[in-house]
1. Failed condition for VAL133, given (1) surrounded by 17 or more Cβ atoms within 10 Å (Cβ to Cβ); (2) within 22 Å of ALA173 (Cβ to Cβ); (3) more than 16 Å from the ligand (Cβ to nearest atom), with all others met?
2. Those residues that are hydrophobic (A, V, I, L, M, F, W, C) and either surrounded by fewer than 18 Cβ atoms within 10 Å (Cβ to Cβ) or within 19 Å of VAL11 (Cα to Cα) (or both), I need them from segment 94-130; list them, please.
3. Being touching a helix residue (DSSP H, G or I) at 6+ places or on another chain (Cβ under 7 Å), assigned to a strand (DSSP E or B) and without any contact (Cβ under 8 Å) to a residue 60 or more places away in the chain, is that true of even one residue in segment 140-160?
4. Would a scan of segment 67-83 turn up a residue that is over 19 Å from the mean Cα position of the chain (by Cα) and aromatic (Phe, Trp, Tyr)?
5. Pick from segment 59-71 the residues that are within 16 Å of the ligand (Cβ to nearest atom) and out of contact with any Ser or Thr (no Cβ under 7 Å at 6 or more places or on another chain): which of them is nearest to ASP98 (Cα to Cα)?
6. Do any helices (runs of 4 or more DSSP H) entirely within segment 165-255 hold 3 or more residues that are more than 14 Å from the ligand (Cβ to nearest atom), and if so, which?
7. Can you name the condition, by its number, that LYS127 falls short on among (1) in contact (Cβ under 8 Å) with a residue 40 or more places away in the chain; (2) touching a strand residue (DSSP E or B) at 6+ places or on another chain (Cβ under 8 Å); (3) not aliphatic (A, V, I, L, M)?
8. For the subset of segment 145-203 comprising residues that are touching a Gly at 6+ places or on another chain (Cβ under 8 Å) and of a type in the set (Phe, Trp, Tyr), which member is nearest to HIS123 (Cα to Cα)?
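The values are calculated or read from the model by the stated rules, or taken from the named source; none is laboratory data. Since the model is a prediction, treat every value here as computed from it, not as a measurement. With ideal geometry, Cβ positions are generated from the backbone for all residues, glycine too; neighbour counts draw on all protein chains shown.
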Amino acid sequence: MENTVRLNNSVEMPRIGYGVYQIPSSITERCVRDALSVGYRSLDTAQCYGNEHAVGKAVKASGIPREEIFVTTKLWGGRGYKDTVVSIDDSLTALGMDYLDLLLIHEPTGDFHEIYRAMEDAHKAGKLRAIGVANFLEKSYRSLLETARIVPAVDQIETHVFRQQKAMKTLLADHGTIHESWSPLACGQNGFFRNPVLKEIGNRYGKSNAQVGLRFLYQQGIVIIPKSTHLERMKENMDILDFELTQEEMARIKALDLDRSMFGWW
Ligand SMILES: NC(=O)c1ccc[n+]([C@@H]2O[C@H](COP(=O)([O-])OP(=O)(O)OC[C@H]3O[C@@H](n4cnc5c(N)ncnc54)[C@H](OP(=O)(O)O)[C@@H]3O)[C@@H](O)[C@H]2O)c1
């Protein structure tokens, strides 16, 4: 499997990225530099995480050419077209960048049709290489498709072994939108790191629960963005390319699906 996925406008996006949700801005620069040093080339931040500035600083300090790093951020609380135009520029300023690789609407609130229209225009103007959404489930995703001139390249939704989003996965694939997982480790909820099924399967390959859960998503073509503040775990979460789950193992993990949110947001 290639290490990048081709979005619907031919932009290549790494299949494994690094998320920075809940990382305090005071340590974000160090964490992102660590993540880049162990090989991550995709970073997922958001306006509401309050750490876009630190992400931008880390990218600059890394010395890695900007075009080798795929940067995603998400719009928060936009109300309409004009707000969004300003908001996109605010993110570019905070990150210290003149373009974003991917901009997502963080959640389907406000007049998301108009917000998306402004994103389409910013895409045309060259500020955004790709645009998409997050937390758009069936109703909001279908509603957006009715007015969108550009099919969302990505939908980033809660996806892990306990919420597998099987129906959304099919719907997104039918329309050419890439399925990206947030909280691919379930953020440790529901005993993820102690789960006996993941443990038993991991023991066969010398892999941890984290690696088995991530591999399960990766193997289905779902983009993953695990977060850790620890260097060793950052490495561990990338080290999932040297084993392959069998159909029987995939089926056992599929049976862990509870088909509900572990967080109660979307
Ligand atoms: N669009 C949205 O609404 C939305 C919502 C949530 C998240 N996200 C994105 O998705 C990214 C990932 O989600 P997330 O941060 O909520 O959760 P996650 O990546 O599923 O899990 C992160 C948690 O697992 C721990 N961890 C990481 N690797 C580990 C390992 N190998 N072994 C043991 N523990 C490990 C981390 O602790 P340590 O840091 O102490 O290692 C942290 O507590 C976010 O950072 C963000 O970019 C988006």
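1. So VAL133 meets the others, but not (3).
2. Those that are hydrophobic (A, V, I, L, M, F, W, C) and either surrounded by fewer than 18 Cβ atoms within 10 Å (Cβ to Cβ) or within 19 Å of VAL11 (Cα to Cα) (or both): MET97, LEU100, LEU102, LEU103, LEU104, ILE105, MET119, ALA122, ALA125, LEU128, ALA130.
3. yes
4. Yes.
5. Across segment 59-71, the extreme among qualifying residues is VAL71.
6. Here the list reads 166-175, 196-205, 247-254.
7. For LYS127, the exception is condition (1).
8. TRP182
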